[in-house]
Each structure stands twice: as C-alpha cells, then as structure tokens.
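Novice: Structure below; questions to follow.
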Amino acid sequence: MEAQKLTELLRATIDPNPEQRKAAEDQLAQIHKIIGFVPTILQIVMQTTLEQPVRQAGAVYLKNLINSSWSDHETKPGEPIPFSIHEQDRAMIRSAIVDAIVHAPELIRVQLSVCVNHIIKSDFPGRWPQVVDNISIYLQNQDVNGWNGALVTMYQLVKTYEYKRFEERTPLNEAMNLLLPMIYQLMLTLLNDQSEQSVLLQKQILKIYYALTQYSLPLDLITKEIFSQWMEICRQIADRAVPDCSHLEDDERTEFPYWKTKKWALHIMVRMFERYGSPSNVVSEKYQKFAEWYLPTFSSGVLEVLLKILDQYRNRVYVSPRVLTDVLNYLKIAVSHAYTWKLIKPHMVAVIQDVIFPIMSFTDSDQELWESDPYEYIRLKFDIFEDYATPVPAAQSLLHSVCKKRKGILPKAMSTIMQIITSPNADNKQKDGALHMIGTLADVLLKKALYRDQVESMLTTYVFPEFQNPAGHMRARACWVLHYFCDVQIKNPQVLAETMRLTTNALLTDKELPVKVEAAIGLQMFLSSQDEAPKYVESQIKEITKELLTIIRETENEDLTNVMQKIVCTFTEQLLPVATEICQHLATTFSQVLESEEGSDEKAITAMGLLNTIETLLSVMEEHPEVLLNLHPIVINVVGHIFQQNITDFYEETFSLVYDLTSKSISAEMWQMLELIYQVFKKDGVDYFIDIMPALHNYVTVDTPAFLSNPNRLLAILDMCKTMLTSNPGEDPECHAAKLMEVIILQCKGQIDSVIHMFVELALSRLTREVQSSELRTMCLQVVIAALYYNPQLLLSILDKMSQPNNEPISSHFIKQWLHDTDCFLGIHDRKLCVLGLCTLISLGDAKPQVLSEVAGKIVPSLILLFDGLKRAYESRAQEEEEEEEEEDGDDCEEALSSDEDEMDEMAPNYLDKLAEFSKTKGAASGFEVKAEIKDDDEDSDDEAEESVGDLNETGLETFTTPIDDEENDSAIDEYWTFKEVITALSTQDQSWYSLLTSNLTPEQAKALQEVVLTADQRKAAKESKLIEKQGGFAFPQTTVPTSFKFGS
C-alpha cells in the first residue's frame, strides 16, 4: 500500500472544500479492505515529519476502522460477509501499537489508546499475550516517555476487566502478578520527584490501581502487606503539600495535576473503606475479616490526614472541590463505626461550623452564575451528574448522617444554625447556609418530638419573611426549605394557607426564574403530602398551570414535568377547559427539546418527562370522552413523528401513549397507526416487543370486530409473534408473544378458524428448540390449550396433519407434556384455562384421542392440583384486596447511636447475626438473657419457597386479560361450575369413562374432589345472590313497623 497516496487522501479529508473531502472519503472507503491498508495508516500516524492535523486525521480514521472491523463478525446465512481487518494486518498492528503509543504526542495517544482498548477486549490473552511483555519492557527502561506509554496501555488493559466478576479476571490477575510490583517500584521512584511530569505519571498509576481494585479486590494478588504499601502511598499523596496555584482561574485549579493526583489517592481510600473496609457493610462476606483488620490498621492514619485537609479548608487555604467531596464522603462512612467515630467525634462540631456550613452557604460564584446565566444555574442545581463536581451534596449527606446516627450532635448542630439565623449581623449568604442545613435535617427533626412541635413556629418566624427578601437566592431558598418540611403535621390551618399563598405567589409573580422553579417544586410537594393543600390553590390553578408550562419550555427542566403531572392528577375537573391547550403546549415543547442538540442526555430525560406528562393527561381525562376527542390528534402527531423519525430512545414512552390512545376505543387514525407500528417493529422494534404488547392487546380486545374486519391486522400481529418466537430475542419477550397468541385465540373464539393452525404450529415448533424456563414452556402449551378450548375438533385435526407416520402422534405427546407440567401453571388465569382445557378434553366422547385412556388416571389428580392452586390464589387475592396499610407516627421513632455502637446495615451479608449479637448485649446490659434466635426467612426449606411462589394469585402476563378472566360479566365462565357439570354428566352418561377417570383416586383425592364440587355450589350460590343484589336486591313483604313496643303481658 503506497503511503504517499494515502497521506494525500487523509490530508484531503480535512480540506475546507466539502467536495474534496467527500471524494477523499469515498476513495478511502473503496480501498480500506486491501491488505496492508491498516498498517500503512498507523505508519502515517507515526511520521513525525508530517503536519499534526494529517496525523490526527489518520489516528481518528484508524480508531474508527478498528472499532468497526477488528473482530471477526458472525454471518447470517444468505447475507454478505461483513468486512473484518485481515489477520496479517492485525498481527502487524499488535506488534507496533504499544511502540506507537509510547512515541505519539498526547492528542494522537488518546486516539491510539482507544484502539488498544478495543484490541485487548478482542485479542487478550488469546492472540495477544505479548502486550504484558510490551508493557513490562518499557516500565523497566529509564525513559519517561516509555513509562507514560506503558502506563496508558496498562490502564486500557485493566479497564477492560474493571467490572468483570472475580472468576473472569484470571488473565488480568496473572498479568498483574508481574506488572503490579513494577508500578509500585516506579511509584516509589516518582514520589521523590515533584515535577509536573512526575505527578502526571503518579496520577496514571493511581488510576490503574483504582480500576484494578474499585469493583473487586483480588486478595490473593493484593495481600495485606501489598495493600498496606498502596494505602501508605495514597496517604502520603493525600498529605503532601500542593504548590501554590492561586494564579490560576477556579476551573483551571481543579485541573492542576497536583490536585488531580490527590483526588485519585482519596478516591482509592474512600472506595477501599466503603466496599472492603467497613465491618458489617462490605460488598461480600469474603471481605468481612479484611474489614475487621482494615478499621484498626488504617483509620487513625487516614483520618489524621483528612482532618488536616479540612483544617486547611477552614483556614481559607484552597482545597479542590473533588478532594473535599472525597474527604467528606470518607467521614460519612466513618460516622457509622464506633472505632472511627471516637476519632472524629472531638472534631465534629468544628467540622459542622467551619467546613459544612461554609460549603452549604451561597457563594460569590453562585451569585455570578445566578445573574449571568439563570438557566445554567438551574441546570447545575438539579443535575445529579454534577453532584461529584461540587462538595455540597457530600456536605449535606455527612451533616444528615451524623445528626441522625450519633447522639448529642443534632442539638449542637441546631444551636449553631439558630445562632446564625437569629444573629442581626448574619448576611444573606450565611442565612442561606443555615436554612440549607435546616432543610437538609428536616426528616431528622420531624422524628424528634422536641423539634417537631416547633417546626410551624420556625417556618413562620424564619422562613416566611424570606419571601420578601430582595435577594432572589433567599426567596428561592425559602421555597426550598418549605418543600423539605412538606410532611410536617400542621396544626394551624393558617400556616398551610400562608405556605400555599407564598409559594403560589412566588411561582406566578417572581421575576427570577430559579425562584419560580423552586416554588413549583414546593407546590408539588405540598399537594402530595397535605390533603388540605389543594383547596388553597384551586381558584388559581389555570394561571398556575399556564405559568408552569411556560417555565417548563424555558428551562426544559425534568423535575418540572413531575410537578405538571401532579397538578393534572389533582385538578383534573378544573383543568377540563384548558386540557387541549396544555396538551398542545407540551407537544410543542417536546418538539423544541428534540430540535435542540446540546446536552443530549439531559434533553432526553426532559423529553421523556414531557411524554410521561402527556400520558398522565390522557389517563386522567379517560372519563371525559369529549376532551379526549381533542387530545388524541395532538398526541397522534407526537407518536407519528417519533415512529417516522425512528427515535428509538423514546419508543418505551411512545408505546405507552399508543396504549392510552387505544384503551377505550380505536379511531380510524389509530388503526392506521397499527400499520406504522408494524413497520417500526420490522425495522428496529424487536427489542421493544414487551413495550408494544399492551397496545397490541388493546388492538385485539377493545374493538375485536374492527380488528377482524381487515385480515391484514391479524396477520401483522401474528407475524410479529412469529418473529419473536423464531429469532431468539430472549425468553421473556417470547413469553409475551405466546401470551398475545393465546389472547387472540380466546378473544376471537369461532371467528379465526383459517389461521388457528398457524398459532398451533408456531407454539409447538418453539417447544422443539431449547426452552430454559418453565414459564415459556407452559406459555407455549397454553396457546395449544387455548386452541383446544376454541375448537377441540379443529385442534385435533391440525395435530393429526402435523404428525409424522410411525412416530407418536403429536396430540399424544402434547397431552402427556401438559399433564406432566400441570404444577408449572401458576396464577389464576393459567390454572383456570388448564381446567377448562381438561374439561373440554374429557368431554369429547367418541372423538377423544386414544392417549386419554392411557393417561386417564392422571387427569383428575391434575385437576385437583390445579383447583388446590386456584383456591390459594383466590384467597391470596382476596387478602390483598382487604389489606390496608397502616402508618404509625411514633414519637422519636429513630434512636441515635451511642459512641460505642456501630450502625448495622440491613442489606449486609451477616446483618441478622449482628442483630442477634446486639440484642443479647443490650439484653445483658438491662439484666436479662435473650434466648430467642433470629432467623432469616430465606433459610427455610426449598419446598416452602416453591409453595409460596405457587400461591401467586397473578403472574406478570395475567394483566393481559381474555374473555375467560371477566368475572364481573353475568355470563362469566366459572371453572369450578364447568368442572362440576362435566364430571356430573360423565358419571351418568359415560360411566365407563368416568370410572376410568376416578377409580384409582386415593381417599385424600376423593375428598378433595368432593370439596371442589362443594366449592362449585358455593360459588354458584354466591354468583346468584350477587346477581339478585345487582338487580335491586331481595324483595321482602312490606310490614308496618309499630312505633312502640310492649314487653310482657
């Protein structure tokens, strides 16, 4: 491959002339498959004499080609074989890529490291074990560039295994046996050199160690001795002084290599403590002993350094935000352990006053952003992805944790807060910090009687006045604090009235956008928590709604869409006149969000929120068909746009909208939509079948005559089911497809004879391939059982035609499998269909298949088993319907921990053992012995576990109802009564067959059979009395009631 020609083509790909660029790209596309092409690109990238942009263009092209075509692709029969880079070229790349990374400038190294990552994923250890030797050779040389390249490559190797399970990490652990001691020695060398270049290499080593240990700590590779060495390195780096960086801007300071290296050292320490070093709270039982060693070994040294960093911060020495975040996160974990709590307890009040309070106060940079870009201010305050970039959430979390968990800290924190709030000298920024702390502690305060009783007074005295504060951020903070106290039990209704008035007023009249946003969220919280709240805003609800729609459009804030959903649900009747306007506004805002490209993740979340709000609007307007008539065209436009543009990110929400649009009736436009759904499914919708299913169920069941009036509708849905059952999408979607087939058969009884054979063949052919779950097996059987119930003669003739001569008839095989799997049918519907199917089967008279005589003795026991399951399922459902949640609001519900107590994590592996030990210790302290044992429910026998699953009154798929599930209908089919009629008829009309069915029953089975018959009579009587009640009740003769009574003679 001629390097000069390729160089010119790469140069042309960055030409300002679009035609030149296009021609070069087309030519590269034509020649990229030629052997020798890929190594020549790498050669060009490494030519130091070439200008940087051309080398960079080559590096990007190489990266894209390796990402798309490095691995051998699987080919499907009849399809062209996709291009893969030839093995000869791959071998040349593998032999040269590490050298290339070592010698490349930074911008090109970034691209090449992505290439290496992809190659390692594909070829290590099998085709490329040499990468480990390549790294080790450069690590042993004294060349700094060599170290850097080797560390970059090693990082990609470790990243490949970062989240893999312990048992999948063997190749990495074997490599690290060689490499880990090398980077440790290199780190010791580098620690003596404080140059920027050295510090960047230290950072890279720490990133490697973090990626190696953050998800799984390999204790055989990292012994206690090795772990201690690395912890000491992290401690030293966390402790060492950082050169002065006051000349840098704030955003440049956070990128200062010395602070970034310190950040990674702290990352490691926090991660080791939270995952492996917290006794009773480790990620796996295997780390419990390690944690018991970690706590006393490292706590004192680590906490000494962390408190020193906080001391620098309180003395106004710069500490980077991410370092501060990690320090606070470490302390938060330490609060839970008695050992570490004793070490930090003497400093805690100072930490609250001098660290947490300043961090939680409004800053100059907050003020600058508020004024210059309120939209960005709102985005940052509500963006959970920004939580790590600022120490504020970590400060909140530590404050909350220590006040909730440790005795005596809450009163001290509140004393600090009240001093600030009541001080005449406190400025707005300090007041903001104090109110921020109060709101953070709201749930803790509301659980303590001492504070709970004073909350109303605190709100009226210190929070309400801030709504008049000229500083916008204080008005926003007032709204914020109120929303955190929304669960308070308000004794004085005037306080609630004033809360709602102030919040509504802030939303409607405040000039500052962040205030409006906080007010809207406060409004939502009070509407959700206080039953009396809606009446105070009802008269202004239209203005509130319009204002809310405006700020949703302006801010594109996801949280505000939740506010809108709450308002729509609460004030449905009042919003009827403006429902169409609301819907149109939401739809237009959705289009606007789609068109703007910045911050795609956040936009996607907002767009989903808007779709969910539209769905809420449709749901609450369900009882108002005249309103729905106007909403549907707007929503259909939104749905059509998403499907036509194939915006897969929103398919889930969009299929929910289709469900709502078809839940009561199906318009001509929505029948057209079914065609579009079918096209979407065929193009890229296979992965969304479970999301499509509720809408398809509507199409089949809501207007069945219209569904059947056009044969293409049935054939389209059948083709979708066929695709699911023949393309291995996973067993859950396959179960849904089989369920939909069963629904169609039961829904269209007597109307689809010509296609029943397609349903049956599809279900049975799926059973001939491997089935892992009993759910899919029973679901496929149910399709055939539904066909039997639909028309037994038709089914048997289909099965006869499918049978091969000299083989067991398929009907025989099917019936045996069915009876064998009776215990796998769960829930009410599946068992009921089984009963109806078996009743149909045994009443076929002379037309019954021969195999029935062979299995006759199993049929009634199977029915008894099904009825037993049904009885439990019906009882379970009745119990669920009766149960009402009771909430008790006890005084001082949560007791804080003494200094010598550890917090216990309920999710920890040995939680129950710890709880038992704790109970015995406490009992002994109180003078009595605790003998009761605490056992885990999960430790009971397997039989019990299985039985509890069998009691399920509803399986996941039973929400897709069929005519046999309609118990409210006067002509509803009752499986008990059906069985009684069939068995009674057989006992008189076909005694020999009846005898064959029942002669071998055990006394227990005979008794169970009698109970089923008795239940049938009871259910029939209950149904009849319900019917009489429905028709107006029992008629009693009218008698005159005497006005006075005489007792005795």
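Every number here is computed from the coordinates shown, using simple stated rules; none is lab data. Just so we're clear, the structure is a prediction, and the values are computed from it rather than from any experiment. Here the Cβ is made from the backbone with ideal geometry for all residues, glycine too, and neighbour counts use every protein chain on show.
Novice: How high is the relative contact order of the chain? Use alpha-carbon pairs under 8 Å, at least six apart in sequence, and give a whole percent.
Specialist: Value for the chain: 6 percent.
Novice: Run the quick spin-label model on Lys1023 and Thr189: label points 7 Å from Cα toward the beta carbon, then report their separation in nm to one decimal.
Specialist: Simple spin-label model gives 8.7 nm for this pair.
Novice: From the phi of every residue in the range 317-333, what ³J(HN,Hα) in whole Hz does the Karplus formula 6.51 cos²θ - 1.76 cosθ + 1.60 yield, where θ is phi - 60° and glycine or proline is x?
Specialist: Coupling constants for the range 317-333: 8, 4, 10, 5, x, 6, 5, 4, 4, 5, 4, 5, 5, 5, 5, 4, 5 Hz.
Novice: Return the whole-Å distance between the Cα centroid of the range 1-43 and the Cα centroid of the range 612-631.
Specialist: Each part reduced to its Cα centre gives a spacing of 56 Å.
Novice: Cross-link candidates for Lys121: which lysines have Cα within less than 18 Å, leaving aside residues fewer than 8 places away along the same chain?
Specialist: Correct list for Lys121: Lys63, Lys159, Lys164.
Novice: How much length is gained on full extension from Lys308 to Ser774, taking 0.36 nm per residue of separation minus their Cα-Cα distance?
Specialist: The Lys308-Ser774 span can extend by a further 161.7 nm.
Novice: Kindly provide the helix-only [θ] at 222 nm of the chain, computed as the sum of -39,500 (n - 2.57) over DSSP H runs of four or more divided by all residues, to the nearest 500 deg cm²/dmol?
Specialist: -21500 deg cm²/dmol
Novice: Using alpha-carbon positions, what is the distance between the centroids of the range 192-209 and the range 257-280, in Å?
Specialist: Between the Cα centres of the range 192-209 and the range 257-280 lies a distance of 16 Å.
Novice: Rounded to the nearest 0.05, what FRET efficiency do Asp601 and Asp966 give with R0 = 51 Å and r taken as the Cβ-Cβ distance? Could you check?
Specialist: Computed FRET efficiency for Asp601 and Asp966: 0.70.
Novice: Based on the Cβ-Cβ distance of Gln489 and Glu883, what FRET efficiency does E = 1/(1 + (r/R0)^6) give at R0 = 30 Å, to the nearest 0.05?
Specialist: Step by step, r from the Cβ atoms, then E = 0.75.
Novice: Shifting gears a bit: Quick check: the distance between the Cα centres of the range 956-988 and the range 645-682, to the nearest angstrom?
Specialist: Their Cα centres are 33 Å away from one another.
Novice: Can you give me the convex hull volume of the Cα atoms of the range 769-847, divided per residue and expressed in Å³?
Specialist: Here the figure is 98 Å³ per residue.
Novice: Note down the net charge around Gly609, summing +1 for each Lys or Arg and -1 for each Asp or Glu among other residues with Cβ under 10 Å from its Cβ.
Specialist: -4
Novice: If you place +1 on the Cβ of every Lys and Arg and -1 on the Cβ of every Asp and Glu, how big does the dipole about the Cα centre of the range 355-431 come out, in debye to the nearest 20?
Specialist: So the dipole magnitude of the range 355-431 works out to roughly 880 debye.
Novice: Now for a separate question. What full-extension length gain, to one decimal in nm, is calculated for Glu652 and Ser591 as 0.36 nm per residue of separation minus the Cα-Cα distance?
Specialist: Extending this stretch completely gives an extra 20.2 nm.
Novice: Continuing with the same structure: Given a Förster radius of 30 Å and the C-beta distance between Asp732 and His813 as r, what FRET efficiency does 1/(1 + (r/R0)^6) yield to the nearest 0.05?
Specialist: 0.70
Novice: Evaluate the distance, in nm, between pseudo-label points positioned 7 Å from the Cα of Leu508 and of Gln229 along their respective Cα→Cβ axes.
Specialist: Spacing of the two 7 Å Cα→Cβ label points: 7.1 nm.
Novice: Give the residue list of trypsin sites (Lys or Arg not before Pro) in the range 276-322 that are DSSP loop and have at most 10 other beta-carbon atoms within 10 angstrom.
Specialist: Arg316
Novice: Where in the chain lies the longest segment free of chymotrypsin sites (Phe, Trp or Tyr not before Pro) that are both loop residues by DSSP (not H, G, I, E, B) and have at most 13 other Cβ atoms within 10 Å?
Specialist: After excluding every exposed loop site, the longest remaining stretch is 164-927.
Novice: Further question: Using alpha-carbon pairs under 8 Å, 6+ residues apart, how would you state the relative contact order of the range 340-480 in percent?
Specialist: The normalised contact order for the range 340-480 reaches 26 percent.
Novice: Taking the alpha-carbon set of the range 663-726, what are its Rg and Dmax in Å?
Specialist: 11.2, 32
Novice: Students often get this wrong, so try it: which of [x] 119, 86, 81; [y] 121, 92, 72; [z] 101, 98, 68 is Cα extents along the principal axes in Å as calculated from the structure shown?
Specialist: Identified label for the calculated read-out: [z].
Novice: Next question, about the same structure. Trypsin sites (Lys or Arg not before Pro), restricted to the range 676-785: which are DSSP loop and have at most 10 other Cβ atoms within 10 Å?
Specialist: Arg769
Novice: Further question: Taking the Cα centre of the range 449-517 as origin and charging only Cβ (+1 Lys, Arg; -1 Asp, Glu), how large is the dipole, in debye to the nearest 20?
Specialist: About 120 debye.
Novice: To one decimal place, what Kirkwood hydrodynamic radius in Å is obtained for the range 693-811 from all pairs of distinct Cα atoms?
Specialist: Evaluated on the range 693-811, it is 14.6 Å.
Novice: Give the relative contact order (percent, whole number) for the range 584-635; include only Cα pairs under 8 Å separated by 6+ residues.
Specialist: Relative contact order of the range 584-635: 39 percent.
Novice: Explain nothing, just the number: dipole magnitude of the chain about its Cα centre with +1 on each Lys and Arg Cβ and -1 on each Asp and Glu Cβ, in debye rounded to the nearest 20.
Specialist: Rounded to the nearest 20 debye, it is 2060 debye.
Novice: Subtracting the Cα-Cα distance from 0.36 nm times the residue separation, let me have the gained length for His820 to Glu168 in nm, one decimal.
Specialist: Using 0.36 nm per residue and subtracting the Cα-Cα distance, I get 230.9 nm.
Novice: Which is farthest toward the positive dipole end of the chain among Ile359, His436, Thr170, measuring Cα position about the Cα centre, with Cβ charges +1 (Lys, Arg) and -1 (Asp, Glu)?
Specialist: Thr170
Novice: Using amide H atoms built 1.01 Å from N in the peptide plane, name the residues 5+ places from Arg406, or on other chains, whose amide H lies under 5 Å from its own.
Specialist: Under 5 Å from the amide H of Arg406: Leu897.
Novice: Taking K and R as +1 and D and E as -1, what net charge do the other residues with C-beta under 14 Å from the C-beta of Trp230 add up to?
Specialist: +2
Novice: Can you check how the C-alpha radius of gyration of the range 697-758 compares to 2.2 N^0.38 Å, as a plain ratio?
Specialist: Here the Cα radius of gyration is 1.09 times the empirical estimate.
Novice: Under a plain spin-label model, where a point goes 7 Å from the Cα along Cα-to-Cβ, how far apart in nm are Val686 and Gln20?
Specialist: 4.4
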